[in-house]
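The values are calculated or read from the model by the stated rules, or taken from the named source; none is laboratory data. Given the structure is predicted, the values throughout are model-derived calculations rather than measurements. FYI the Cβ positions are ideal-geometry reconstructions off the backbone, even for glycines, and counts take in every protein chain you see.
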Amino acid sequence: MNLSVKDLSCQRGERLLFEHVSFQLEPHQWCHVTGENGAGKTSLLRLCAGLSSPLSGSISWGGVNIPDDLDGFHKDLLYLGHASGLKEELTPLENLTLMSQIDGQPATEDAILSVLSFWGLAGREDLPVRVLSAGQRRRVLLSRLLLKSCPLWILDEPFNALDKKAINTLYDLLNNHVSQGGLLLVTSHQPMEMAEGIVLSL
Amino acid sequence: MSMVNWFKYASPASFYPLAGKLIPFFSAITAILLAVGLWISFFMAPTDFQQGEGYRIIFVHVPASWMSMFIYCVMAFWSALGFILNTRLSGMMTQALAPTGAMFAFLSLVTGSLWGKPMWGTWWVWDARLTSQLILFFLYLGFLALTSAIDDPRRRDKAGAILSLVGVVNIPIIYFSVIWWNTLHQGATVSMTKAPTMAHTMLMGMLIMALAFWGYTIAIVLKRVRCIILEREIASEWVKKNALE
Amino acid sequence: MGGYGLYVWGSFGICAVAMIIEPIVLNARNQKIRRQVKRQGGQW
Amino acid sequence: MNLFSTIYCMARRDLTLALRHKTEILTALFFFVIVVNLLPLGVGPDPKLLSKIAPGVVWIGALLATLLGLPRLFAHDYQDGTLEQLSLSPRSFTLIVLGKIMAHWIVAGLPVVLITPLLGIQFNLSGPIIGVLMLTLVLGTPVLSLIGAIGAALTLGVRGGGVLLSLLILPLYIPVLIFGAGAAEAYRAGLDMTGYLWLLAALDLLALFFAPWVSAIALKVALE
């Protein structure tokens, strides 16, 4: 399954963000989107995730145009945006349990607890998310990478608010995902020294 | 016109000059019809034995009510078109129609109460038709409030389209529920629905006035949609080049 | 007008007023956007 | 059957969230009680008059109580990004929205129905009429939540959202108000009221079918 973007253009309000953007993402490959703030990196990722519709151009996943089979596409996609994506009042355990059910791949409690401890959140599973620090919240969100098995990852600046150790963990995770045949579309201010990828600068 | 070039006019850039040419044509029609309509309603139509001269208000009240309902349905039509064909023009058309529709709804209410005062002695009668006209006016206000509160043009079009479609589905429900409400509470003794026996000339006068209002609406809406097109497309090339012939 | 003058002329009057004010307001809006297009470099 | 599990798990999630903040449920309820209790102070304590206008007042109170809870329906999820994740789920977004609407009805609509007997006594209503009023409320309040969800979705993240929402939605509430209050009024006057109940049930089904779907579309538009 590959992600192919043809002649994409996007408008935000009155402003034309970018146009004639085309690229092809194959399994075992990742794409790093760079550009200064406001260049439309996030808009491009949201377009590829099917969250918004482009001014012109098309995006297809496995040859199928995204709007035609949105639910099928979303089965194979994990999109993590800027926002925390967690409910402040619920605990990490509840958040992840709910998200796994909604993703259609319900995870057992033990699986979630082991992922949370992998991310160094042991002992904080039952605290409401609002008491956690930004870094801890980001790691709870990143736990979803391990809980949902799907080929395409679209991550919007996943390294934000992470400490050195977590950044390395995330690097290994991304490398592992790509080497196992996954696809990765990512924006980040971190330099991405990873094998076999393309850089798209807006 | 065959389907293909009809589509050509669906793009704002090519619709703009077409609208420009139509406006004088419809304004002329409106002027003629208005003159004839007014002449009928004041000179041709005989004095009504029951309501004396007061009934002449129907020559304005009824066309205004018809127009307010008709415009809402046209808005819903353009909204549905917008969803099916995804043309940008439909959102602009819907928003161009709304203010005129709201004006006619307001005029219908005012003339309705001006008619009610001499006939039934009160400025406002909780009659089924007037009440549903009032609710239609609220629907218009809701649409205008929603579309003016959203800045992003694309979202404004889509939200407006959804609201007008939800509204048009609710209009018959509201209309019948108000009639049932009216019969339950007071039995339709005082009712505007029983229009005075229609002498031929009166009906003719009302129809011509309705057509005049219809012409007026088209001219105004085309002019407003041209404004909206300019405001929306100001950054595009064709506006810079030769838009304003 | 058989004593109903106020109401008949009132109704026709308010309709006339509304149908005159609306084009005027619309024209003002049109001029405003035209000036904006002109300032922005569009030819007349 | 993942059809119901989606609705169930969304409703359960929203209910746990609402229960974490019991105050929110109680504020809508107390608002309803206060609004309904204001009326005798305004109109006078004459029992005969109060019993005559009680159904209408209770219904208008229920309308306003539902309206109070609507902005929160999607706003919190919109701000913390979870609504975006929910729209990205392979499960049908309409069912997710339906689950949320059901949770909102349980929090805003049901308490109103349960507290109606208390208000009925204050308004000098006899037992059977309170029963009829509760029946119409049980049938009617879901429609209020369903149609309200469309308004909440349309005005999501729009400035002046709360007031704008009520301006959009109140005209659409009028048929429910008429049939609901009309049924109790018809019963009080000894007329046959089953016609009204059937109409309320019809509105329920109509809203149940269209509202979540339209709200989902409106939310997708808002999320763009």
Note to self: Criterion first (under 30 Å from D:ALA149 (Cβ atoms) and either modelled with pLDDT of 95 or more or in contact with a Gly (Cβ under 6 Å, 6 or more places away or on another chain) (or both)) does B:ASP151 satisfy it?
What the structure shows: no
Check: Can you name the condition, by its number, that D:LEU172 falls short on among (1) at the interface with another protein chain (Cβ under 8 Å from one of its Cβ atoms); (2) closer than 19 Å to B:SER148 by Cα?
Finding: (2)
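Listed residues A:LEU155, A:LEU121, A:LEU127; which is of a type outside the set (Val, Ile, Thr), surrounded by 17 or more Cβ atoms within 10 Å (Cβ to Cβ) and within 14 Å of chain D (Cβ to nearest Cβ)?
Unique residue meeting the criteria: A:LEU155.
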Margin query: Filter region A:130-147 down to the residues that are out of contact with any Leu (no Cβ under 7 Å at 6 or more places or on another chain) and either surrounded by 20 or more Cβ atoms within 10 Å (Cβ to Cβ) or assigned to a loop (DSSP other than H, G, I, E, B) (or both) and list them by number.
Written below: A:LEU132, A:SER133
Next item on the list: Name, by its number, the condition in (1) in a helix (DSSP H, G or I); (2) crowded, with 20+ Cβ neighbours inside 10 Å; (3) in contact (Cβ under 8 Å) with a residue 40 or more places away in the chain that does not hold for D:ARG91.
Entry: (1)
Next item on the list: Hey, can you tell me all the residues within region D:187-215 that are of a type in the set (Gly, Ala, Ser) and surrounded by fewer than 21 Cβ atoms within 10 Å (Cβ to Cβ)?
Entry: D:ALA189, D:GLY190, D:GLY195, D:ALA201, D:ALA202
Check: For B:LEU136, which of the numbered conditions (1) surrounded by fewer than 23 Cβ atoms within 10 Å (Cβ to Cβ); (2) among the aliphatic types (A, V, I, L, M); (3) assigned to a helix (DSSP H, G or I); (4) in contact with a helix residue (DSSP H, G or I) (Cβ under 7 Å, 6 or more places away or on another chain) fails to hold?
Finding: (1)
Item checked: Selection count where residues are within 16 Å of C:ALA16 (Cα to Cα) and facing another protein chain (nearest Cβ under 9 Å), scope region B:98-111 -> 7
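Only one residue in B:VAL178, B:VAL169, B:VAL125 is away from chain D (no Cβ under 12 Å) and either crowded, with 18+ Cβ neighbours inside 10 Å or part of a helix (DSSP H, G or I) (or both). Which one?
Only one candidate passes the filter, namely B:VAL125.
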Check: Only one residue in B:ALA35, B:ALA19, B:ALA31, B:ALA64 is within 14 Å of chain C (Cβ to nearest Cβ), assigned to a helix (DSSP H, G or I), within 16 Å of the chain's Cα centre (by Cα) and of a type in the set (Gly, Ala, Ser), so which one is that?
Finding: B:ALA64
Item checked: Residue satisfying all of: in region D:90-106; modelled with pLDDT of 90 or more and more than 12 Å from D:ALA149 (Cα to Cα); nearest to the chain's Cα centre (by Cα) among these -> D:ILE106
Check: Does region D:181-221 hold any residues that are over 29 Å from B:LEU165 (Cα atoms), more than 8 Å from chain B (Cβ to nearest Cβ) and part of a helix (DSSP H, G or I), and which are they?
Finding: D:ALA184, D:TYR187, D:ARG188, D:THR194
Next item on the list: Consider A:ASN175 carefully, then state whether it is out of contact with any Pro (no Cβ under 7 Å at 6 or more places or on another chain), of a type outside the set (A, V, I, L, M) and surrounded by 14 or more Cβ atoms within 10 Å (Cβ to Cβ).
Entry: yes
Check: If you scan region D:70-116, which residues turn out to be polar (S, T, N, Q) and closer than 28 Å to D:TRP59 by Cβ?
Finding: D:THR116
Margin query: Being in a loop (DSSP other than H, G, I, E, B) and in contact with an Asp or Glu (Cβ under 9 Å, 6 or more places away or on another chain) is the filter here; which residues of region A:175-202 pass it?
Written below: A:SER188, A:HIS189, A:GLN190, A:LEU202
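Each row is one residue, and each column tells you yes or no for (1) modelled with pLDDT of 85 or more; (2) among the aliphatic types (A, V, I, L, M).
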{"residue": "C:GLY2", "(1), (2)": "no, no"}
{"residue": "C:GLY13", "(1), (2)": "yes, no"}
{"residue": "C:MET19", "(1), (2)": "yes, yes"}
{"residue": "C:LEU26", "(1), (2)": "yes, yes"}
{"residue": "C:GLY41", "(1), (2)": "no, no"}
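Results for (1) farther than 12 Å from D:GLU84 by Cβ; (2) facing another protein chain (nearest Cβ under 9 Å); (3) in contact (Cβ under 8 Å) with a residue 60 or more places away in the chain, shown as yes or no for each residue.
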| site | (1), (2), (3) |
| --- | --- |
| A:LEU51 | no, yes, no |
| A:SER60 | yes, no, no |
| A:ASP68 | yes, no, no |
| A:TYR79 | no, yes, yes |
| A:SER84 | no, yes, no |
| A:GLU88 | yes, yes, no |
| A:THR91 | yes, no, no |
| A:ASN95 | yes, yes, no |
| A:SER100 | yes, no, no |
Next item on the list: Give me a count of the residues in region B:132-148 that are without any contact (Cβ under 8 Å) to a residue 12 or more places away in the chain and more than 7 Å from chain D (Cβ to nearest Cβ).
Entry: 1
Next item on the list: Would you be able to say whether some residue in region D:149-159 is away from chain B (no Cβ under 11 Å), crowded, with 19+ Cβ neighbours inside 10 Å and at pLDDT 90 or above?
Entry: yes
Checklist line | Count - residues of region A:91-107 that are modelled with pLDDT under 90 and part of a loop (DSSP other than H, G, I, E, B) | finding: 5
Next item on the list: Please verify whether region A:17-39 includes one or more residues that are in a helix (DSSP H, G or I), within 29 Å of B:ILE150 (Cβ to Cβ) and touching a Leu at 6+ places or on another chain (Cβ under 9 Å).
Entry: no
Check: What number of residues within region A:58-117 satisfy the criterion of being touching a strand residue (DSSP E or B) at 6+ places or on another chain (Cβ under 7 Å) and within 21 Å of A:ALA134 (Cα to Cα)?
Finding: 5
Next item on the list: Can you confirm whether region D:215-224 contains a residue that is among the hydroxyl-bearing types (Ser, Thr, Tyr) and within 15 Å of D:THR141 (Cα to Cα)?
Entry: no
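Pick from A:VAL33, A:VAL64, A:VAL21: which is more than 8 Å from chain D (Cβ to nearest Cβ) and touching a Phe, Trp or Tyr at 6+ places or on another chain (Cβ under 8 Å)?
Just a single option satisfies the conditions, and that option is A:VAL64.
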